1. Of all the residues that make up the range C:21-54, how many are open to solvent by less than 50 Å² (accessible area, probe 1.4 Å) and not aliphatic (A, V, I, L, M)?
2. Does A:LEU125 satisfy the condition of being within 24 Å of A:MET269 (Cα to Cα) and not polar (S, T, N, Q)?
3. Given the residues D:LEU190, D:LEU172, D:LEU205, which is the only one that is open to solvent by less than 20 Å² (accessible area, probe 1.4 Å) and away from every other protein chain (no Cβ under 12 Å)?
4. Could you please find all residues in the range A:205-224 being assigned to a helix (DSSP H, G or I), more than 9 Å from chain B (Cβ to nearest Cβ) and in contact with a helix residue (DSSP H, G or I) (Cβ under 9 Å, 6 or more places away or on another chain)?
5. For A:ALA234, are the conditions met, namely being outside the structural domain of A:THR16 (by TED's automatic domain parsing), over 21 Å from the mean Cα position of the chain (by Cα) and open to solvent by 20 Å² or more (accessible area, probe 1.4 Å)?
6. Kindly indicate the residue of the range A:5-60 that is in a loop (DSSP other than H, G, I, E, B) and open to solvent by 70 Å² or more (accessible area, probe 1.4 Å) and also farthest from the other protein chains (Cβ to nearest Cβ) among those meeting that condition.
7. Report, by residue number, each residue of the range B:283-328 that is surrounded by 13 or more Cβ atoms within 10 Å (Cβ to Cβ) and part of a helix (DSSP H, G or I).
Amino acid sequence: MRLRFVLTRLSLLVVTVLVSSLAIYGAMFLTPGDPATLLVGGSRDPDPAVLAQIHREYHLDDPFIQGYLHWLGNCLQGDFGKSLVYRDSVAGLIGTRAADTLALVTYAAVIVLVTGTVIGTVAALRGGRTETLVTTLTAGAMAVPTFVMAVLLIWLFAVQLPWFPVYGSGEGFAGTLKHLTLPAVALALTWIGYVAQVTRTAVRAELRSEHVETARSRGVPEHAVIRRHVLYNASGPVLAVSGVGIAGVIATAAVAEQAFGTGGLGSLMIEAASKQDMAVVQAVSLIFVVVFVVINTTVDLVSAALDPRVAQKGAR
Amino acid sequence: MSATPPLLRIDGLGIDLPLDGEPRPIVHRADVVIPEGAAVALVGESGSGKSLTARAVLGLLPAGARLHGDVAFAGESVAGMAPERLRRFRAGEVAMVFQDPRAHINPARSVGDFLIEGLTLTRGVRAADAVRKVTGILREVGIADAERRMRQRPHELSGGLLQRVMIAAALAAEPRLLLADEPTTALDVTTQEEVMAIIAEAREARGLALLFITHDLELAAAVCDRIVVMYAGSTVEELPAGHLRERAAHPYTRALLSSRPSVFEAGADLRSIPGRPLSGFEVPDGCAFSDRCPRVRDRCRSERPAPSAAGDSTAACHFPYTAPAEEAGCHA
Amino acid sequence: MTSALFARTASKPRAGRPRDRVTLAAGCVVGLFVFLAVCGPLLVPHAPNAVDPLNVHAGPSATHLLGTDDSGRDLLSRLIAGTRASLAAPAVVIAVSTTLGTLLALVAAWFGGWLDRFVSGALDVVFGFPGLIMAVLVAAVFGAGLTAPVVALSIAYLPLITRVVRSAAIKERNLPYVSALQLLGAPTARIWLRHLLPNLGPLVLVQATIGFGYALLDVAAISFLGLGSQPPDPEWGLMVANGAPSILAGAPQQSLYAGLAILLVVVAFNLLGTGLSRRLLGEQA
Amino acid sequence: MLEVRNLRKEFGDFVAVDDVTFSLPQRGSLAIVGESGSGKTTTARMIAGLETASGGHILVEGEERGPGHKRQRQRQRLRSGERRARGRQIQMVFQDPYSSLDRRQRVGAAVAEAVALHQRLPADRLRARVAELLDMVGLDDRQAAALPKALSGGQRQRAAIARALAAEPQILILDEAVAALDVSIQAQILRLLADIRARTGTALLFITHDLGAVRHISDDMLVMQAGKIVEHGPVATVLADPQHPYTRRLIASVPKPGWIPRRRMDPAAAARLP
């Protein structure tokens, strides 16, 4: 039963990546004109010789599936093609920016997980006014778009209180941390709200559950009731929502990078998209999708390991 | 009144719960006495307040509940217990078996974990000793392969087995009083017999007192010494189980008896009670049963009857039956 | 019985009058913005795109209640005029994804079996593709503009709506009253239209209301990134981006006001959604 | 009138109903008694057509009703006239009174919808028919105008019975229809059902675990265990002189005066339980 669940989830991962890559590659052919014009990098009037070369390099004249398999094969080997806008290999472009994104996403993810779960748990356990306050604040946090938060933070900390640098990504660990604090906070806020709300609901539900009533009726000390029954049982849903939170941070990282000009894969993709540099957009979207899907799958598998009923339900 | 107080005395207990923001009476007046080692059944339909009364014994009421009257365990008021005393009281002197073991046993933890928790966390028994002890009790309640069962999770066990686990957990605490809240309602009849037999044997072996909450008068009469009938939040009758059929004085008790179709008598007429059972907060000024009572008179609608003793039993009725029941359709 | 009673006592006291007042206020804010989206262009005090090079970054004044932007355009007029563009795109996203999602959910729930497994599997795949990334990808193919991102977001929102409605529809479909109707010989279309859909309606409405806030947020983000609405449109996300460079120059009003407009609408839709959910679905606090 | 032959249902490897054969005469009343997992509810659902049989035959007045072939069944799904005709053969009342009615539909409207599906009546005759049906189950105008949530469990079950009777079925299946009700309400519904059978001649197929109810409402009974019929006969005979050990065990488990609960299951059998 367990094994079957793992296999089902893993095959879903593979299918998702395959279908997504097909969509990413196929999107190029939706353009009304020659897909090759999307690969020369925005010039309105491309040189026919260059176009012909692109057709050859990207196997655009071969049957669709062949071209796709060729592209996917190359991607799997780390060859994402060339960007004519940046005059560089796409892999090289990605390589120099990946570290920035990784740092930002990790920073934001840590903030989301720690703050979100702690706030949610405390709210549920304390109840009363704390809970009302947290519910209101988190609902607010979820409504603030990352880019609006970015603007507010820049205005507050660059214009009013110059505590944090607001542009660039800094040197060294401390410098990076300092430079990434505002972007990470802006990026994290929405997801803190989300993680906190789901955590609160999960802990609340366990607090009201019948098995907790049983534990109390047996005279189990309250701290043990909370730890062994409330928090332990809520950890499944909390873990699941943490995964969603991390995935969400990754999916919206582009906005924060663009707003703060920190540079990274997200802003690379957006620049490339506005210049219609398809090779870069395809490569970065593929990377994002793979990371996103791997995180979702990991979370599902870990939840199933924690609570065998999840696996049983999922395998049916 | 004797010098030594009874094991449990519930005296004029009333419970108000906040409904729609304002306190409403769910239990008006519950009176129950359980001597050491005795078995008492608390019988009623939905809304009668029987489950809430049982929870009040453990001091296990929802937030916002208001209590009047008193629940005393061996002379000590439960409401007056300090938190630490209440915890020890729950851990060692009373134990509760709930109706739905699947919801009342933590589904994420193993059965063994549930069983030993009551010992290791509440009185510092070492884990190995606790395991040894609950293994023995599991055997006693008819679970032979205790080691395997203790490794399993609750969802791997059938409802009947899980209820035995719940009973084993209650027995492991070595309580003096067992509270059983409809422990067999969710089970098949054959499993019900098994579970009731297990409870009866355990009582016998340990001299355990029992408060048995049920909607089934026949079952209550078969396994208990005395019967307390509740209706709409009040105790309406209290009598020895053996006298139930002939000497039940309250019209509700008699109506309940005759509305249950008998398996064993052909042609017995089934008498239904008109209307539906009320909840405590819906009760009119007079007698709660007045709307459905075949013997209702004007006085019943204006004046709530107080319990009055007659011989070995007590009934709260202005016009109780005094002749032995012939027409009830359930000959002894 | 007892647990049902407890649930009632636990949840009721918290849902009192004040919360309904909040919902009502949220509904008023939503109504106001819908009105502005419809009639806004008729109400603006100034032409939203009229530049005034002599009066850039002006503070609030009698003529310009909220001041002007970096080109001297009246901010209040731009915010009002931008309501339509800012609300229309998410409205389309939600209309498409909700309609399609409800239909898919009903079909999957009703027929079950392989059809249900296929729909759920396909939605899992779509769910693996973040909406924003999808929108950027199509924007790269079709060039900047709102059409492509709206299509992408409609698809990306599909799994969110469908999952919720599907699990509710499965529960509903398995209720005995549906079996009773089938046994009476009621045509399937009648069961769907007269019973299932009206019963799922409140849930769909709540989902659509809450979803609208997030769709607005995503559309604005895409415009902020430069891939959606194009200058000189007064779309709010774009206004936030336009105003960003002026912040360091000490003129944050364009970004702030546009950001606050977005915030206000999203919060209003969220509160309205949760309020409706409490009223219509009687859910947890 | 109803004949069931060699009925069988498999869920994967699990055989839920195995070779079930019985018949229900016109105006008859038959109880299928069993505990959870006995296959009694699955049998009822197959007879009603809510579940496809894996094998066997269901005949109403000699006509095949629930064909074993899935494809054939799906074709029938499309013909609404056929479905209504089947609705006039068999109706069913379900266990849970809370979800047996559409929560947004007023009780009177639910009954009216059922009547209208089977009879084309002008508005006033329709109204009269609905009033007649509701009166038959003991519901008044105020309850007819109410939403299900304003009614008690017993009243909802009455409404569900009225809706089923709207089709004027030859057979009414009651799937644990009183099990979820309070004891005093159970008696009301049982009396109502006996009364309906006497007045309309509707045959009753009573699915239950409650032997007391069986004695009161049925002429014949069959006892099912693990998907199989283990005993079949007139109620009085079976209850007075059960032949099969399982039937004896079932009867012995019912509390009565002087009853002492005993453990009959040996530990080895308990170890084989899930």
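1. Counting residues in the range C:21-54 that are open to solvent by less than 50 Å² (accessible area, probe 1.4 Å) and not aliphatic (A, V, I, L, M) gives 7.
2. Numbers: within 24 Å of A:MET269 (Cα to Cα): no; not polar (S, T, N, Q): yes.
For A:LEU125, the condition - within 24 Å of A:MET269 (Cα to Cα) and not polar (S, T, N, Q) - is not met.
3. Values: D:LEU190 fails: away from every other protein chain (no Cβ under 12 Å); D:LEU172 fails: away from every other protein chain (no Cβ under 12 Å).
None of the others qualify; the one that does is D:LEU205.
4. The answer is A:ALA205, A:GLU206, A:LEU207.
5. No, not satisfied.
6. Filtering the range A:5-60 for residues that are in a loop (DSSP other than H, G, I, E, B) and open to solvent by 70 Å² or more (accessible area, probe 1.4 Å), the one farthest from the other protein chains (Cβ to nearest Cβ) comes out as A:ASP47.
7. Scanning the range B:283-328 gives B:ARG299, B:CYS300, B:ARG301.
Results for (1) open to solvent by 40 Å² or more (accessible area, probe 1.4 Å); (2) touching a Ser or Thr at 6+ places or on another chain (Cβ under 8 Å); (3) charged (D, E, K, R), shown as yes or no for each residue.
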| residue | (1), (2), (3) |
| --- | --- |
| A:GLY81 | no, yes, no |
| A:VAL85 | yes, no, no |
| A:GLY120 | no, yes, no |
| A:ALA123 | no, yes, no |
| A:GLY127 | no, no, no |
| A:ALA174 | yes, no, no |
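The values are calculated or read from the model by the stated rules, or taken from the named source; none is laboratory data. Here the structure is a predicted model, which means the values were calculated and not measured. Don't worry about glycine lacking a Cβ; one is built from the backbone with ideal geometry, like all the others, and counts go over all protein chains shown. Side chains included, ligands, DNA and RNA excluded: accessible areas come from the protein's heavy atoms. Shrake-Rupley method; radii C 1.70, N 1.55, O 1.52, S 1.80 Å.
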